[in-house]
Amino acid sequence: MDDLVSHLALFLLSNVLFGGVMAAFLLRHVERTILGGGATVLLGLGLAPFMITWVLNAILLLSPGGTPVVAVGGVLVFFSSLALFAGRGWRSLAEVMTGSVSLWRSAATWPYLFFSMAMIFGSYVMLVYKPLVDHDILEYGTQGRIFLREMAVRYELHHYDQASGFYYVGLHGFSFPLLFTWEGAVRGLLNSDGDAWVRLQTPFFAWLLVTFVWGWARRYGTWLAVWVIGAFTLTIGFLYLNTIYHVDPVRVFLFTASMALFASVLRAPSSAGLLLWGLVLGAHALTHSLGMILAPFMLLILVALSPGTITARLRQGGLATMAFVVAGGFHYILDVTIGTGWLFKDITWF
């Protein structure tokens, strides 16, 4: 298959179609008052790649040694099920998307539109002229391709691949390396090869991060949103974030979404909000170990400061913790007990 066609097909499937499914599912099952309709849609788009890797992690851990067809089929079945359970969420998604058209009539939206166009142009330049050469992402990519070759995720003392001599020293969950596994599996079925889709996630999540902050801040003031994203995107840190391929745009987006949800559930806890918050905390943890370090503190703050009796607060904390463990906390439990030991090991850099 032509490389450009396979690039577009993978992005449309993984980010657009699966992102739409996640957005519709969230709009069906989570109150819009928690984040607002637009921010909920953006969160769905951001969670789609994570959910792909979560399903792959489960398949390769619980049923190792299968084929890429089985892994890809499992992901398709999972998202097909979510699409069915989205129900009237599809109507809500159409309403949110239709309503967003009116935003372009405001002059306050023009700076954001300029930012989006600049991100599209920058993404094109990066994909065409910048190969995959940055250190950390090469490590994740190598491990992801090893997962693909072996069709297995293992928890062991040393992640050493004898065939290539590669020793994986990462302290994070396997979500980001599994993006490479997904791309390799789908491209194999399309008779294609490459890493353009994973490389595209860096500028895509940077755009998604700014758009999420902009959409969330607009609830409190249109021009406030302009000032917020201006202060954010014109910093050296943000510019640096978008000149290298890295996990950081993904983890910062998930952290930002978890903080927005944290503020919401502290004000008005609800079962749907707590489960979604726990899911995003788990997604952050399975993507980066900082998510595992920060989550217990945030959960304890919820129990200490949320309204209601101590029994109600403990129930709320337990509900969010359960979602967190299922979504990503499980990795660190397994890594500490039967794996490398995580932070409790002697770290040797090779």
Within the stretch 301-330, residues being polar (S, T, N, Q) and surrounded by fewer than 15 Cβ atoms within 10 Å (Cβ to Cβ) number 2
For Ala48, only one of the following conditions fails: (1) surrounded by fewer than 17 Cβ atoms within 10 Å (Cβ to Cβ); (2) under 24 Å from Phe147 (Cα atoms); (3) aliphatic (A, V, I, L, M). What is its number?
(1)
All-but-one check, Phe176 against (1) surrounded by 17 or more Cβ atoms within 10 Å (Cβ to Cβ); (2) within 30 Å of Phe114 (Cα to Cα); (3) out of contact with any Gly (no Cβ under 9 Å at 6 or more places or on another chain), failing number (3)
Of those in the stretch 265-289 that are assigned to a loop (DSSP other than H, G, I, E, B) and over 14 Å from the mean Cα position of the chain (by Cα), the residue surrounded by the fewest Cβ atoms within 10 Å (Cβ to Cβ) is Ala268
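The rows are residues; the columns are (1) assigned to a helix (DSSP H, G or I); (2) surrounded by fewer than 18 Cβ atoms within 10 Å (Cβ to Cβ).
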site	(1), (2)
Val16	yes, yes
Gly19	yes, no
Phe25	yes, no
Arg32	no, yes
Ile52	yes, no
Leu60	yes, no
Gly66	no, yes
Got a number for residues in the stretch 101-115 being surrounded by fewer than 14 Cβ atoms within 10 Å (Cβ to Cβ) and either in contact with a strand residue (DSSP E or B) (Cβ under 6 Å, 6 or more places away or on another chain) or not aliphatic (A, V, I, L, M) (or both)?
6
Residue hits (the stretch 220-272; touching a residue at least 60 places away in the same chain (Cβ under 8 Å), of a type in the set (Ser, Thr, Tyr) and more than 25 Å from Gly141 (Cα to Cα)) are Thr222, Thr233, Ser264, Ser270
Does the stretch 227-258 hold any residues that are assigned to a loop (DSSP other than H, G, I, E, B) and either under 17 Å from Ala48 (Cβ atoms) or aliphatic (A, V, I, L, M) (or both), and which are they?
Leu234, Ile244, Val247
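Here, each number is a calculation from the coordinates, and none is a lab measurement. It should be emphasised that the depicted structure is a prediction, and the values quoted were computed from it without experimental measurement. Cβ sites come from the backbone with ideal geometry, for glycine too, and all protein chains shown count toward neighbours.
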